Amino acid sequence: MITVDNWLDHHGASTKKPASALVNNAQSQSTSTQQADQTRSLTILVIEDSTDEWFLIQRTLITQFPHALVLFLSDPIQALSYLDAPVWLGQSLPAMILLDLYLPDAKAGLGLLKSIKSHPRFAKVPVITISRSNHVYDIVEVFNCGGNAYLVKPDEYQDWTEAFKLLDRY
């Protein structure tokens with residue numbers, strides 16, 4: 001998984017926000033999320049438009065987070081509707097969001113990421129962007145839009161399991 005700090009260290013790039021602010025923000029969100037999860041079940045929202053990818057993600061999350069409720073949505077409109085629902089239903093937001101960057105293109109994924117991170121209530125939710133792309137431009141854009149981490153989708157199930165072990169920090 002690529003985080004802001006390790007990506008910047010490796011590539012020497014900069015983002016609009018200081019890397020330490022993003023990482024500190026993710027760590028404080030993780031602490032408050034963990035405290036809240038002690039009294040309720042953990043909810044992970046996955047926004048992925050490929051059913052094949054969804055199957056691998058679901059299988060891995062169930063293994064890594066057996067106590068979690070994993071919700072699957074396949075497009076940005078569904079995701080925004082779901083995130084708005086807790087406001088008027090009195091429900092809590094998901095503990096984390098796994099967001100496919102290409103829904104079906106990067107413009108849609110980045111637009112959804114910007115919407116989530118610019119909303120005062122949703123901005124608290126860590127968003128881990130997942131994609132088959134390892135292009136520098138995509139990674140920089142995700143961090144510029146407020147993404148908490150970037151995960152290049154592995155090819156093998158065992159690699160998904162290893163990559164998702166890092167999600168515990170969120």
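Scan segment 101-170 for trypsin sites (Lys or Arg not before Pro) in coil per DSSP, keeping those whose Cβ has at most 16 other Cβ atoms within 10 Å, and list them by number.
Values: sites: Lys107, Lys114, Lys117, Arg121, Lys124, Arg132, Lys165, Arg169; in loops: Arg121, Arg132.
Sparse-neighbourhood loop trypsin sites (Lys or Arg not before Pro): Arg121, Arg132.
As an exercise, use a Förster radius of 35 Å and the Cβ-Cβ distance of Asp105 and Ser41 to find the FRET efficiency, rounded to the nearest 0.05. Intermediate results must be reported in sequence, preceding the final value.
On the way: r = 33 Å, r/R0 = 0.95.
Efficiency at R0 = 35 Å is approximately 0.55.
Give me the one-decimal nm value for the distance between modelled label points at Tyr157 and Lys114, 7 Å along each residue's Cα-to-Cβ direction.
According to this spin-label approximation, the distance is 3.9 nm.
Using modelled backbone amide H atoms (1.01 Å from N, in-plane), which distant-in-sequence or interchain residues come within less than 5 Å of Leu151's amide H?
Here the answer is Ile2, Thr129, Ile130, Ser131, since their amide H atoms fall under 5 Å of that of Leu151.
Place +1 on the Cβ of every Lys and Arg and -1 on the Cβ of every Asp and Glu in segment 45-105, take the dipole about the Cα centre, and give the residue among Leu101, Phe72, Leu61 whose Cα lies farthest towards its positive end.
Checking the options against the dipole of segment 45-105, the answer is Leu61.
Cut-off is 10 Å between beta-carbons; in what order do Asp100, Asp155, Asp75 appear when sorted fewest neighbours first?
Values: Asp100 23, Asp155 10, Asp75 15.
Sorted ascending by nearby Cβ count, the order is Asp155, Asp75, Asp100.
Suppose the chain between Arg169 and Asp75 were pulled fully straight at 0.36 nm per residue; how much longer would it get relative to their current alpha carbon spacing?
Numbers: separation 94, 0.36 × 94 = 33.84 nm, distance 2.60 nm.
Gain on extension, Arg169 to Asp75, equals 31.2 nm.
How high is the FRET efficiency between Ser92 and Phe55 when r is their beta carbon distance and R₀ equals 35 Å, given to the nearest 0.05? Please list the in-between numbers first.
Numbers: r = 27 Å, r/R0 = 0.76.
Computed FRET efficiency for Ser92 and Phe55: 0.85.
For Glu48, Glu156, Glu162, what ranking results if the residue with the fewest other Cβ atoms within 10 Å of its Cβ goes first? Present the calculation step by step, with values, prior to reporting the outcome.
Working: Glu48 23, Glu156 9, Glu162 14.
Ascending Cβ contact count within 10 Å gives the list Glu156, Glu162, Glu48.
May I ask you to sort Phe55, Phe65 by Cβ crowding, counting other Cβ atoms within 10 Å and putting the fewest first?
Working: Phe55 13, Phe65 18.
Least crowded to most crowded, the residues run Phe55, Phe65.
Throughout, read-outs are computed from the coordinates displayed, never taken from laboratory work. All of these numbers come straight from a predicted model, not from anything done at the bench. Ideal geometry is used to build each Cβ from the backbone, glycine not excepted, and the neighbour counts take in all protein chains shown.
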